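Here's the structure, in structure tokens; my notes come after.
What follows draws every value from the coordinates through simple rules; no lab data is involved. It should be emphasised that the depicted structure is a prediction, and the values quoted were computed from it without experimental measurement. Here Cβ is always computed from backbone atoms with ideal geometry, including for glycine, and neighbour counts include all displayed protein chains.
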Amino acid sequence: MAGAQPGVHALQLKPVSVSESLRKGNKFMKWDDDSTTVTPVTLRVDPQGYFLYWTDQNKDTDLLDIAYIKDARNGKCTKTPKDMKLRELLDVSTLVGKMENRMLTVVSGPDMVNITYLNFMAFQEEIAKEWAEELFGLASNLLAQNMSREACLEKA
């Protein structure tokens, strides 16, 4: 132990980097548990990795601060529609793979008690998996969670 070097096991924090596919965006179907409508949207992340936003066909845009994202789920842990009519709208037989593998559920909120679920369905399983992994990586980045004053001003 006398020959141990200090700081060898220090954690190297990686700066936030948004992949090209998240910046360009992908087509998803957005659905809610309380309604039976499905909205086609284009889901994107801004180049700095501050916001997740989606635009529908009417060019209406909604956004979510990535700092509020608690989890991004894909596969069997996602929410699937309980309403059969909504399930039939989403389960298009021309799409390959299981419906739950194409689902993306974004869990967000100001704390762990008051959370909301955003539900999206990708047209390919790989896209849903990539978005879940990348969004969780952006949301759990320690440098993004403890950003500098300059970064906070840039974000505002």
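Within region 19-37, the residues that satisfy the criterion of being of a type outside the set (Gly, Ala, Ser) and either touching a residue at least 60 places away in the same chain (Cβ under 8 Å) or buried (at least 16 other Cβ atoms within 10 Å of the Cβ) (or both) are Leu22, Asn26, Lys27, Phe28, Met29, Lys30, Trp31, Asp32, Asp33. Of the candidates Leu86, Leu64, the single residue that is within 19 Å of Thr36 (Cβ to Cβ) and either in contact (Cβ under 8 Å) with a residue 24 or more places away in the chain or touching a Cys at 6+ places or on another chain (Cβ under 6 Å) (or both) is Leu86.
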